[in-house]
Amino acid sequence: MKHLITLTALLLSSLASVHAADTFLIENGKANAEIIIADKPERMTKLAAKELQSSLLKMTGATLPISSERAAGKTAIFVGKSRHTEALGLATDALKHGAFRMASGKDWLALLGPDKDFVPTEPWGRDRSPKETDRVNGEWDKITGDTFWNAARDLHFRYHADLDVWDQDDAGTFNAVNEFLRGLGCRWFAPGELGEVIPQKQTIALPEMNRTVTPDFAVRRFIYYTEHTGIGDKALWNLRLGLNHGAEILGFPQICHGMKFVIKREEMKQAHPEMYLMINGKRDTTHKEDGVPNLLSPMLFEKQVKHGRAMFDHFHEPMVNIDLVDGYGGLMGDDPAWKAQLTPDRGWSGSMSDHVWGYLNRVALELNRSHPDRLVSALAYSAYTQPPEKIEKMSPNLALIDVRHRQEFWDETVWNERRKWRADWLKKLTPGQYISWDFSTNARPEQAGRPVYYTKQISRDLRELKGISLGEQIEIYAHPAGKEQSFGYEELGIEHFNLYLAARLYWDVHQDVDAMLAEYCTSYFGPAAETMKAFITHAEANWMHMNTDGAKIGESFDLLGKAQAAADPQSLPGRRIAQIAAVMKPMHALQQQLSRKRDTDLSYRALQTSQTDGKSMEGKPFDGKVDPAYWGTYRIAPLVPIKPGAPPSKARGSFQVLREGTVLHFGITCEEPDMKGNKITTTQNDDPKILEGDHILLLIETPTRSPYEIAINPAGAIYDADQAPGGKGIAWNSGAQVVVHRAEGRWSLEMRLPIVGEDAFTLDPTKGIAGAQPKELFPWHFNLGRLRVRDGKPERTAYSPTGQDDFRVPEKFAKLWGN
């Protein structure tokens, strides 16, 4: 028989035990109690009191007054530490990381924990304006005698003005209040009012209890993509989940890519170019606005140690992150000495491990000499995920932040590989200096759609991490504040349950996740509980196959449809199910696309221009030359004979595809030893005769329509047509801008193709390709062909050989995707 031994269940049990006198906090909708706080309460104490008051009002209709003095004849609910709790001998001094106490007596209930207010150390940024940036960096320069970027510039977005609390504030009392409310049946499964469940009651008895509750993990941190724009209801949701930002362990700045604070400033780049890695013949000082550090530079080492000591001495940080800049693992330097440190034989995830950790460990050792009571942290991430082989024991002050993707642990091979790497790391680390990092990014616009639930992976992984890990940070996708409506779906419409589950398991990993799922479905989806449980169970077993299996998508939609039919669409359960349906909307198109036969594995990833070794297309001369200075040298794909085994063409061709914003850039080069012999059959746009002479033909299939075709000849004439059922044929306009350049021995073209959106056909069937940005999960498919006619004989080459004398073979279309 399955057990449900949870904090909530224990509390429900204790709430059932009331004092013999049957004292009531609220009786028949009437308040018999009052909320008592300190004369000068901390910020979190005040918020906890308001939370208790407002929740009980929603539950019972009764308003409990908040005061610092007890009234005669009233039962007292002591919220937070005060002279009243001191008189009762209720101490919280030994409690850490959000732990709390719950106790009661004949006429009182106490809910309390540590509530220390965070006080930021100057200089710290009040906003992101250039003036404020200059101020905080200037003051930091005076302190350090150097030109480091002040990591406290962005501290302001850790303060939530609507709640009047900082992320770094202790929240013990708030946790106690919410545990009491959970015992009454309250749940906060998702942010905002739609995400809360508050049962209706008329009477609440004074419970008999004396409990101290401590979490299984000290650090319990959620971070959101768009924190700098504000996170709205998510700030209060974080608190209700019992999270702990962990500033007492990790410090206040971000716990990744800390090296950027050393190298980011222009003054540093100009003074010490040797600190930046040589890539393609120049020092890279622009990568992601930070630059790329040269780990072989003695000056970089000196500056990073100096920066770490300044953070310890001035900000009194318990831990400083010394990690590399983001994207380092995907770069390649020019220096032979740099390349000699790489170990490609270990696979990508270990190819930079000895190189990176050799440097980071030296920094850690040097900082340990001056500050043996402090820690430094760095990520096991990217090409340096695996532990180094040349270091037996890491510096004793080094805390590892292990970056994983827990939802992928359904694959036992991945799960066991990550467990082995963790075991190998733990042999090198000081005990208790391991932290996990996970992701919740399935709602990103380029990924949203699949119903990704992974409750079993969360539970299994956290049970293993208890006693090993200091805690965890989860990086969560969130829409930019103020732009939420433009996306058409609630980003946490599905993801909220995975996050809720993880947050609650941080307190007690041995809770029964099946029971938690059943409770969630019952209280959140009401009359659709059983069908939603079936939907989630099916999704957990099959989401990983839905990018290739249209039948699994269909089964998922069938279950969701039954759930929608079971609940009034205007009710809370109905609106919650509608959120899930909105997230899954792209899956309809993917299901349709998967039903089409594919007979090629060819795939082309269209990089963003910022990901190449070229320059931004913005401001580039639009001249058709396909200049490598702008296009870079990445992913130049050849055109090959259309029939496998045919002799190679006498005139080779190649192409590149890049994306910048909402534009796809195609750069196509056609070598031509006989430029005078180009067969140009028309110079007019939309003339079908173009297809009889020399031309390039781009065929495109999006998840919603197929095929589109765009032809261009050496004279610059364009022919575009929507050949999909119901399409407008040549009356359709792709909106493409094209320039052709002719030179000795070649002709080339550049095309700018706008990404209009998946509703383009509905809005105007005569304009634009109906398709959202091509993504890995929701790609476009395409083929690019070249027809060359000499002496009346056609010569055909293409990116994807069709095996026929025709480019229009949809099952041979290659995958086109990007970030």
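The values are calculated or read from the model by the stated rules, or taken from the named source; none is laboratory data. Since this is a predicted model, take the numbers as computed values, not measurements. In this analysis, Cβ positions are derived from the backbone assuming ideal geometry, glycine residues included, and neighbour counts consider all displayed protein chains. The area values use the complete protein model at the heavy-atom level, side chains included, leaving out ligands, DNA and RNA. Shrake-Rupley method; radii C 1.70, N 1.55, O 1.52, S 1.80 Å.
Go through the range 766-798 and count every residue that is touching a residue at least 40 places away in the same chain (Cβ under 8 Å) and either of a type in the set (K, R) or open to solvent by 40 Å² or more (accessible area, probe 1.4 Å) (or both).
The total comes to 8.
In contact with a strand residue (DSSP E or B) (Cβ under 6 Å, 6 or more places away or on another chain), free of Cβ contacts under 8 Å to residues at least 24 places away in the same chain and within 25 Å of L47 (Cα to Cα): which single residue out of Y159, Y224 fits that description?
Going through Y159, Y224 in turn, the sole match is Y159.
Name the residues in the range 86-114 that are open to solvent by less than 30 Å² (accessible area, probe 1.4 Å), farther than 14 Å from T212 by Cβ and in contact (Cβ under 8 Å) with a residue 24 or more places away in the chain, would you?
L109, the sole residue that qualifies.
Could you pull out the residue among A721, A715 that is open to solvent by less than 50 Å² (accessible area, probe 1.4 Å), more than 22 Å from A606 (Cβ to Cβ) and touching a Ser or Thr at 6+ places or on another chain (Cβ under 7 Å)?
When all the criteria are applied, what remains is A715.
Can you name every residue in the range 225-259 that is surrounded by fewer than 24 Cβ atoms within 10 Å (Cβ to Cβ), out of contact with any Leu (no Cβ under 8 Å at 6 or more places or on another chain) and farther than 21 Å from D170 by Cβ?
Y225, T226, H228, T229, G230, G232, D233
Could you grab the pairs with beta carbons closer than 7 Å, sequence gap of 6+ or different chains, first residue in the range 201-217 and under 25 Å from T63 (Cβ atoms), second one modelled with pLDDT of 95 or more and open to solvent by 40 Å² or more (accessible area, probe 1.4 Å)?
As it stands, the answer is Q202/N28; T203/F24; T203/E27; T203/N28; I204/F24; A205/F24; L206/F24, since those pairs meet every condition given.
Of everything in the range 361-384, what is assigned to a loop (DSSP other than H, G, I, E, B) and either within 16 Å of I255 (Cα to Cα) or open to solvent by 50 Å² or more (accessible area, probe 1.4 Å) (or both)? Give them in sequence order.
P372, D373, R374, Y381
From W357, W437, W410, which residue is more than 20 Å from the chain's Cα centre (by Cα), modelled with pLDDT of 95 or more and of a type outside the set (D, E, K, R)?
Only one candidate qualifies: W357.
Would you check if there is a residue in the range 185-192 being under 30 Å from A578 (Cα atoms) and not in a loop (DSSP other than H, G, I, E, B)?
yes
Which is over 30 Å from V583 (Cβ atoms) and among the acidic types (D, E), of E744, E758, E776?
E744
Consider only pairs whose beta carbons are under 7 Å apart and that are at least six residues apart or on different chains; among these, list those whose first residue lies in the range 335-359 and is free of Cβ contacts under 8 Å to residues at least 60 places away in the same chain and whose second residue is open to solvent by 50 Å² or more (accessible area, probe 1.4 Å) and in a helix (DSSP H, G or I).
Cβ pairs passing all conditions: S351/P344.
R596 versus (1) loosely packed, with under 15 Cβ neighbours inside 10 Å; (2) touching a His at 6+ places or on another chain (Cβ under 9 Å); (3) in a helix (DSSP H, G or I): which is the lone unmet condition?
(3)
Among G745, G727, which is modelled with pLDDT under 95 and not acidic (D, E)?
Answer to the selection: G727.
Residue by residue through the range 330-360, note down the ones that are in a helix (DSSP H, G or I) and among the small types (G, A, S).
Hits for the range 330-360 are G330, A337, A340, S349, G350, S353, G358.
Inspect all residues belonging to the range 50-71 and state whether any of them is in contact with a Leu (Cβ under 7 Å, 6 or more places away or on another chain), part of a loop (DSSP other than H, G, I, E, B) and touching a residue at least 40 places away in the same chain (Cβ under 8 Å).
no
Any idea how many residues of the range 425-456 are open to solvent by less than 10 Å² (accessible area, probe 1.4 Å) and touching a Ser or Thr at 6+ places or on another chain (Cβ under 7 Å)?
Going through the range 425-456 one residue at a time, the tally reaches 4.
Hey, can you tell me all the residues within the range 485-513 that are open to solvent by 30 Å² or more (accessible area, probe 1.4 Å), under 30 Å from A772 (Cβ atoms) and in a loop (DSSP other than H, G, I, E, B)?
G488, Y489, E490
Take the range 72-85 and flag every residue that is open to solvent by 60 Å² or more (accessible area, probe 1.4 Å) and not in a loop (DSSP other than H, G, I, E, B).
Across the range 72-85, the qualifying residue is only R83.
Return a yes/no flag: does the range 46-61 have any residue that is in contact with a His (Cβ under 9 Å, 6 or more places away or on another chain), over 30 Å from D216 (Cα atoms), of a type outside the set (A, V, I, L, M, F, W, C) and surrounded by 14 or more Cβ atoms within 10 Å (Cβ to Cβ).
No, the range 46-61 contains no residue that is in contact with a His (Cβ under 9 Å, 6 or more places away or on another chain), over 30 Å from D216 (Cα atoms), of a type outside the set (A, V, I, L, M, F, W, C) and surrounded by 14 or more Cβ atoms within 10 Å (Cβ to Cβ).
Would the range 100-112 turn up any residue that is over 26 Å from R240 (Cα atoms) and in contact with a strand residue (DSSP E or B) (Cβ under 6 Å, 6 or more places away or on another chain)?
Checked the range 100-112: at least one residue is over 26 Å from R240 (Cα atoms) and in contact with a strand residue (DSSP E or B) (Cβ under 6 Å, 6 or more places away or on another chain).
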